[in-house]
Amino acid sequence: MNMEDPAAVPDYARLLRLDGKGFVVLGAGQGIGRQVCHALSQSGAQVLCVDRDDALARAVADEVGGHACAADVLQRRDVERVFDTVRKTLQRPFGIVDIVGRAMIGPIDGLDDDAYQAQHDIVFRHAWLAVQIGAPLLAEHGGGSIVLVGSLSGEAALHHQALYGSAKAALHHFARCAAVEYAPRGVRINVVAPGPTRTPRLMALVGEDWSAIERSIPLQQAADPADIAGAVLFLASDLARQVTAQLIAVDGGALATISRPSSAAIKPRGQA
């Protein structure tokens, strides 16, 4: 023992373990969601894999030895059903990870009312429902962790991303407000904000040539979905037990620079 510093040294590796804890992952079917399911499962968690596509939800659940649930998380009844399933399948509900999102890319005067409403719903509404319905459940079981996946677009003014970026900025602020509100009940809420990431959807839009995007990133490379999952795993674990109301950018340093990731390679109103 160091008499100058008698504080106990924790088992840091053990704090990363999630044994006996249950997590629901919204948007689990591919990309970041699939990698998050693997990260949580490898750390010992029980995982409920939720996706709008039943086949994708089942495929990922089979990969990680978890449970599958098909749901449209933009609908309150479906989100209520998801958390009813959580009660039935997860022994100790501890965490929620919400990856759902899609970008409406285009100039402000080129997006109609349908795009406006769709962008709000696909970025914000499901997160509101997940926290409103799910956070009290975590609190009932002694607390836990909620991680929302935001975006670099919510922190920087990017070309033709006024609508998407504003919706993500609202998501980021909602997470901070909710974190303060639920903190006394033991629920931590944080955001991971990816920069350009090689998800299946974005790969389909950008193609194989990411050189223009990667030149604007200090680390000179785009993230893989697994890079985002690693940050989610940290926030989900007891290593982050004092971390709440925070945003972690996983962007290769892009947010810290004058240059910004180019969206020129992304088609208008495409998915990201």
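Principal-axis analysis of the Cα atoms of the chain puts helix 76-89 at an angle of about 30° to the longest axis. Applying 1/(1 + (r/R0)^6) with R0 = 35 Å to the Cβ-Cβ distance of Q220 and N2 gives a FRET efficiency near 0.25. Please figure out what share of the DSSP beta bridges in the chain is antiparallel and state it in percent, rounded to the nearest 5. Bridges in the chain that DSSP calls antiparallel: roughly 0 percent. Per-residue Cβ neighbour counts within 10 Å put I228, I108, I133 in the sequence I108, I133, I228, beginning with the fewest. Among the trypsin sites (Lys or Arg not before Pro) in the range 9-71, those placed in a DSSP loop whose Cβ has at most 16 other Cβ atoms within 10 Å are R17, R52. Modelled this way, with points 7 Å down the Cα-to-C-beta line, the labels at R176 and Q132 are 2.2 nm from one another. The stretch between E208 and D62 holds 49.6 nm of extra length on full extension. This uses 0.36 nm per residue minus the Cα-Cα distance. Give the residue list of GluC sites (Glu not before Pro) in the range 168-216 that are DSSP loop and have at most 13 other beta-carbon atoms within 10 angstrom. Filter output for the range 168-216: E208. Once the Cα atoms are used to define both axes, helix 126-140 deviates from the longest principal axis of the chain by about 0 degrees.
GNM on the chain, alpha-carbon springs under 10 angstrom: the most fluctuating residue among D109, D54, D251 is D109.
Close amide H pairs (under 5 Å, H built 1.01 Å from N) link I146 with I96, R188, I189, N190, residues at least 5 positions away or on another chain. Between the helical axis of 162-182 and the longest alpha-carbon principal axis of the chain there is an angle of about 20 degrees. Spin-label model, L16/R201: points 7 Å from Cα along the beta carbon direction are separated by 2.9 nm. For the options Q132, Q246, Q119, a Gaussian network treatment of the chain with springs between C-alpha atoms closer than 10 Å singles out Q132 as fluctuating the most. Amide H contacts for H67 (H built 1.01 Å from N in the peptide plane; partners 5 or more residues away or on another chain; cut-off under 5 Å): V47, L48, C49.
Build a GNM of the chain with springs between Cα atoms under 10 Å apart, and of L239, L18, L26 the one that fluctuates most is L239.
Each reported figure results from applying straightforward, stated rules to the coordinates on display, with no laboratory input. These figures come from a predicted structure and were not determined experimentally. All Cβ positions, glycine included, derive from the backbone under ideal geometry; neighbour counts span all protein chains shown.
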